[in-house]
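The values are calculated or read from the model by the stated rules, or taken from the named source; none is laboratory data. Owing to the predicted nature of the structure, the values given are computational and were not obtained by experimental measurement. When we count neighbours, we look across all protein chains shown, and the Cβ atoms used for this are built from the backbone with ideal geometry, even at glycine.
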Amino acid sequence: MKLQDFHVEHADWARAGDRDALRAIRLEVFVGEQSVPESLEWDDLDPLSFHLLARSEGGEPIGCARLTPHGKIGRVAVRQPWRGQGVGLGLLRSMVARARAQGRADVALDAQVAAVTFYEREGFVAHGDTFEDAGILHRAMRLALDDDDAPATADRDAGRLPAGSRSEIAASRLQLLTEARYRLSIYQPALDTDLYASLGEMAELRRIATSGRGAEIRILLHDPEAALRDSHRLVALAQRLPSVLHIRTPLEEVDLTYASAYLLTDQGGYLFQPDARRADARAARSDRAAQAPLAQHFNEVWERSAPARALQPLDL
């Protein structure tokens, strides 16, 4: 069965629309399906936590999760029609990336016993005895985020990220943005409206752009006019932060016929699509050897490109 497309984005509990979407999913899954008393579903941590929403390609809320101020992942829920399609995995990996970006040494969760194997595949380790919460058996689990305690599988695959479908590419792109610190390089022949435009992506781009001295986001675009016509959020961000977010357009034919797209981070991470129009890519959280030729190509094209003239009316 072909996996349907979805994306993961940051949800603000203080915003009524986001809060209603989060509540609807949790009511359906936990209260409706699992018979968790509604009085136990809501707590004082919700307004303080970092929330994620998974949405279908059409914008329907289909999954959610939260990360509390104490570094605990919880309330991971996916609506029934979307289970088995990578939604829970996308939410979990995005939350782990967020915890890592916060500088945490580890991240914890209480897994329903039926889901322990799912979390173990992502490197979480169960500890302590089984316990009951809201009438459901759970196990406490922990994932070490420091390099010394990273799961052995991370060493074997060099931090590879899934990138075989549009939803996986979107989740991996968000994870790379979350882990970046001060600098990004983005090569994109065309800036479609679903690229670098979700709330989660925009939040991370703003964070990087305002991270302090040395912050820089460089973008190479073949068609900046289209991004301007579409009022792309990234263009608006560049307008507000022109000193750190720079957009250039290639001039030479050899560059303008280049069909690939990629994202490079200052942590050695990369996402590379051989054909920007196809949902097929390769990505890694940190693989400087694989990133190096892409960085060299970007720097060479950057030097022979010009500031995007189409954006000059916006004083970019």
**Request:** Examine the stretch 287-308 for a residue that is modelled with pLDDT under 85, surrounded by 13 or more Cβ atoms within 10 Å (Cβ to Cβ), in contact with a strand residue (DSSP E or B) (Cβ under 6 Å, 6 or more places away or on another chain) and in the same structural domain as MET202 (by TED's automatic domain parsing), and state whether such a residue exists.
**Result:** yes
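From ARG173, ARG207, ARG213, ARG181, grab the single residue that is assigned to a helix (DSSP H, G or I) and surrounded by fewer than 23 Cβ atoms within 10 Å (Cβ to Cβ).
Details: ARG173 fails: surrounded by fewer than 23 Cβ atoms within 10 Å (Cβ to Cβ); ARG213 fails: assigned to a helix (DSSP H, G or I); ARG181 fails: assigned to a helix (DSSP H, G or I).
Unique residue meeting the criteria: ARG207.
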**Message:** Filter the stretch 73-99 down to the residues that are surrounded by fewer than 19 Cβ atoms within 10 Å (Cβ to Cβ) and of a type in the set (A, V, I, L, M, F, W, C) and list them by number.
**Reply:** TRP82, LEU89
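Before we move on, is LEU264 at pLDDT below 90 and either of a type outside the set (Asp, Glu) or surrounded by 15 or more Cβ atoms within 10 Å (Cβ to Cβ) (or both)?
On the way: at pLDDT below 90: no; either of a type outside the set (Asp, Glu) or surrounded by 15 or more Cβ atoms within 10 Å (Cβ to Cβ) (or both): yes.
Judged against the criteria, LEU264 is not a match.
Condition check ((1) of a type in the set (S, T, N, Q); (2) farther than 20 Å from LEU174 by Cβ) across all residues:
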| residue | (1), (2) |
| --- | --- |
| ARG207 | no, no |
| LEU228 | no, yes |
| SER231 | yes, yes |
| THR265 | yes, no |
